[in-house]
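I have placed the structure first, in the form of structure tokens, so that the comments after it can refer back to it.
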Amino acid sequence: MTDTAALAPAAPAAGAAARLEHLPVTVFAIVMGLAGTSLAWQRATRTGHVTPAVGTGLAWLAAGVLAVVASAYLTKVVRHLPAVRAEWRHPVKLAFVPTATISLVILAAAFLDTAPTFSAVLWWVGAPAQLVLTLDVLRTWIGDPRFTLDHVHPAWFIPVVGNLVVPLAGVAHGPRQMSWFFFSVGLVYWLALLPIVLGRLVLGGALPGRLSPTLAVLVAPPALAALAWVRLGGTFGDAPSQILLDVTLFQLLLLATQAPALVRLPFAISGWAYTFPLAAAASAFFGAGAAGLGAGFTWLGATVLAVLSLVVAGLGARTLLAVRRGELCLPDPAPPIPVARTSADGRTDTDLET
């Protein structure tokens with residue numbers, strides 16, 4: 001992630017190799033956004049008013065960005081392993097680590113019809129890796145005493161809800177029970193985390209500015225659950241889908257009430273957090289419209305897709321500018337980490353350690 005400090009020009013002495021140490025794992029959110037937008041445009045194609053070239057082109061663009069981003073991050077792993085370990089154990093940044101594996105399974109869904117073999121390769125690499133990272137993140141949340149309610153933010157949904165993406169291509173590439181497994185984990189843990197995240201948002205004070213875009217992540221779980229449910233044999237007209245679609249719409253309306261404040265935030269890579277949830281919502285609405293639930297859902301899908309496309313275009317242009325200016329890989333001041341300390345008389349204080 002970046003913040004307002006990242007908008008300052010890079011120091012001349014900082015070369016590409018030095019900046020690589022600060023490449024944030026959140027760059028994989030760009031791939032998630034582009035691949036999700038590809039899926040939304042593919043859904044729009046089924047209305048008969050959109051050329052399939054848009055969705056296909058976005059899928060290949062996302063694959064190209066993944067190749068660049070993955071190569072750069074793997075180079076960081078080789079050259080700056082301590083920095084990677086620190087990022088993967090940071091109380092705030094840890095939640096973004098599974099964006100790497102989620103990118104693979106989203107792309108697998110995006111290529112399911114146009115390049116099924118490539119889709120299968122992406123899925124068989126991404127799905128097991130997603131399980132490993134989900135277990136690792138949950139193990140760390142449970143076992144690391146540094147984690148407190150102050151560190152909770154909506155991106156905490158990413159590690160577990162990413163499992164809901166797996167069935168989108170999984171029903172075509174693997175045993176059906178595997179897709180049910182990932183769906184079950186994603187759904188139950190979303191519902192388990194929901195009161196924790198809402199409690200943090202309501203009672204824990206405002207999110208830091210660079211984490212505010214993660215409010216959009218609240219839209220993704222019900223939309224993805226609806227899409228996965230249908231892939232597993234449900235229909236958009238049954239009760240579970242109706243509930244999930246309505247919750248998706250409510251979360252979009254709630255996000256819209258935050259829009260005036262969110263649009264004033266300075267650019268940060270975390271802004272890509274808007275894109276994939278909007279894409280999931282558009283895909284779910286288009287699916288509901290195509291299933292005969294009414295033209296209103298199709299119009300909802302088209303509206304969300306239009307907003308999504310504008311957001312992706314704006315973020316894409318601003319990200320390219322950040323890369324050209326050397327803003328992408330600058331040190332990111334870490335939020336304070338509360339550390340519990342016990343005094344001699346047995347009382348516990350919470351000091352702030354960065």
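Observations on the model:
- Some residue of segment 308-326 being more than 30 Å from V84 (Cα to Cα), part of a helix (DSSP H, G or I) and in contact (Cβ under 8 Å) with a residue 24 or more places away in the chain: yes
- Residue in segment 129-136 that is among the charged types (D, E, K, R), in a helix (DSSP H, G or I), touching a Lys or Arg at 6+ places or on another chain (Cβ under 6 Å) and over 22 Å from F276 (Cα atoms) present: no
- Scanning segment 259-289 for residues that are within 17 Å of R318 (Cβ to Cβ), at pLDDT 85 or above and surrounded by fewer than 24 Cβ atoms within 10 Å (Cβ to Cβ) turns up nothing.
- Filter result for V65 (under 19 Å from the mean Cα position of the chain (by Cα), within 23 Å of V121 (Cβ to Cβ) and in a helix (DSSP H, G or I)): yes
- Any hit, segment 67-90, residues being under 24 Å from L164 (Cα atoms), crowded, with 22+ Cβ neighbours inside 10 Å and of a type outside the set (S, T, Y): no
- Residue match in segment 262-270 (condition: in a helix (DSSP H, G or I) and not aliphatic (A, V, I, L, M)): yes
- Restricting A129, A109 to those that are in contact with a Leu (Cβ under 8 Å, 6 or more places away or on another chain), more than 14 Å from L94 (Cα to Cα) and surrounded by fewer than 17 Cβ atoms within 10 Å (Cβ to Cβ) reduces the list to A129.
- Within segment 177-226, being among the small types (G, A, S), over 15 Å from the mean Cα position of the chain (by Cα) and under 16 Å from P240 (Cα atoms) holds for S184, A226.
- Matching entry among L255, L310 (being surrounded by fewer than 22 Cβ atoms within 10 Å (Cβ to Cβ) and either small (G, A, S) or closer than 23 Å to L187 by Cβ (or both)): L255
The values are calculated or read from the model by the stated rules, or taken from the named source; none is laboratory data. Keep in mind that what you see is a predicted model, and the values were worked out from it rather than measured. FYI the Cβ positions are ideal-geometry reconstructions off the backbone, even for glycines, and counts take in every protein chain you see.
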